[in-house]
1. Given a Förster distance of 25 Å, report the FRET efficiency between B:Phe84 and B:Arg162 from their Cβ-Cβ distance, rounded to the nearest 0.05.
2. Based only on other Cβ atoms within 10 Å, what is the fewest-to-most ordering of A:Arg34, A:Arg200?
3. Please compute the net charge surrounding B:Pro146, taking Lys and Arg as +1 and Asp and Glu as -1 over other residues with Cβ under 14 Å from its Cβ.
4. In a GNM of chain A with a 10 Å cut-off on Cα contacts, which of A:Lys173, A:Lys117, A:Lys38 has the highest mean-square fluctuation?
5. So what's the Cα pair-distance distribution over segment B:22-138, bin width 5 Å, in %?
6. Give me the extension gain from A:His81 to A:Tyr180: residue separation times 0.36 nm, minus the current Cα-Cα distance, reported in nm with one decimal.
7. Using a basic spin-label model with each label point 7 Å from the Cα along Cα→Cβ, how many nm lie between A:Leu138 and B:His58?
8. For segment A:2-298, count all C-alpha to C-alpha pairs, find those more than 26 Å apart, and express that count as a whole percent of the total.
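Rule-based calculations on the coordinates, nothing more; no lab input. Because the structure is a prediction, the values reported are computed rather than measured. Glycine also receives a Cβ, built like all others from the backbone with ideal geometry; neighbour counts cover every protein chain displayed.
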Amino acid sequence: MAKSFKLCVWAVGMAAALGFGALGAGTASAQALREGGKLLLTDGVSNIEGASGGGLATWAVIGGDETKDGIGASVAATDVHLPAYDLRVYSGKVGLYNRLELSYAHQEFDTGSTGGKLGLGDGFTFDQDVYGAKVRLLGDAVYDQDSWLPQVAAGLQYKVNDKSAIIHAVGGKSAEGVDYYLAATKLFLNESLVVDATFRYTKANQTGILGFGGDKHDAYSPEFEGSIGYLLTRHFVIGAEYRTKPDNLGFAKEDNWSDLFAAYAFNSHLSLTAAYVDTGSIATFENQRGLYLSLQAGF
Amino acid sequence: MNCFALLALAAALMAAPAAFADPSPDHPGEQTVDPYTPSNANAGARPMGDKAMFDAFHGREGISHIVDSLVDRAVADPRISDIFKNQDLVRLRRTLKEQFTYLLGGGGDYSGRDMKAAHKDMGIQDADFNALVEDLQWAMSKEGVPFRDQNRLLALLAPMHRDVVTK
């Protein structure tokens, strides 16, 4: 019941986002707005929090296949299969004029049989909604090839977790929180490299899946997330990512995350990302390494 | 008048038309453009330091293939074909070949206008610029230029976005 309700909320949210995009596209002819136009993969892919980026890191690029003259949008389904857990993410984002990105993600952190071992019950699932907004402040990641200046964007993510009682029981201080970040992304065409460095100010435990703040530490921490990718063809990029995280909870230590990824854009509407992710220790279960798969469709 | 002087006069008369002719007889089939000062600075970027890239593009012949493929594809590309209507495609092919040759370290001079003047009043948008990039990528791949080397040329062309995109 709760799950179908969540899916329903997500579907309505997606429909609203797409409707907003379509509305923009509908008025396009009147205002000479223009559909499409970005170069392949220059809007990144959808990350676990629904923002455009790599898989784990959030980038400064604006999602959607639009330029400064139009509106774009995309939806994505992501699965991170770990030995003890399964994370499913359904997300959508709208890019406005290559300036503003509005995103939404619904995350389901399914503990499977691990839930029973933790005393939560088999199949216990943390659900979290992430509402994101990102604005491009300066620079252009693609065009400014004669300068070291990256594209810089600032954003925030408002996260709401539905398992408040469990979060408080394990030492978490809140079931909701806001992350703030400043991202810098640059394409180094001469080297066929794309590089991102993002600074995030957060209280989130395991990105919010285990709540915000904790018995061990209850203040915002400055964290780093970054990606480096090598362009093999205009359709295909491979790379690595790293993401540091706070360690707020007394009952279980939290590790930094990393991945090795490959993203393939079939065309400007469809891309597939696969990664090998190392999430370290999650809720006392060590060595959580597994496969990340994400399919994104958009315009 | 001796024979030698007569020959000299004849030679001078024959040479004269070239000296006083219309300044663009070298480029038959091209329309005249407003006067401008030719300069390699008009090419919009500094050329590669060595000839490695020129070789990677298969020299003048390869660049000629790429530019011809690019122009043929662009004028047929529904996203941007309108921009090329009533444009001097003969001059475009020649100046693009000169520009690529110069930028890729192949030597020679670029005789065309700067990017701002050449794209004035065309109303080019980001999406048009990117569509042309895609057509160029297609043309470079067709010629067999390695992807990494394609990107090195694109790195020189990308900042021209500032002067080319006016809308």
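1. Details: r = 22 Å, r/R0 = 0.86.
My answer for the efficiency is 0.70.
2. Details: A:Arg34 20, A:Arg200 25.
In order of increasing Cβ crowding within 10 Å: A:Arg34, A:Arg200.
3. Working: positive: A:Arg234, B:Lys142, B:Arg148, B:Arg152; negative: A:Glu191, B:Asp55, B:Glu143, B:Asp149.
Counting the neighbours of B:Pro146, the net charge comes to 0.
4. A:Lys117
5. Pair shares across the bins are 2, 11, 19, 24, 22, 15, 6, 1.
6. Details: separation 99, 0.36 × 99 = 35.64 nm, distance 2.72 nm.
Gain in length upon complete extension: 32.9 nm.
7. 4.4 nm
8. Working: 17899 of 43956 pairs.
Everything past 26 Å amounts to 41 percent.
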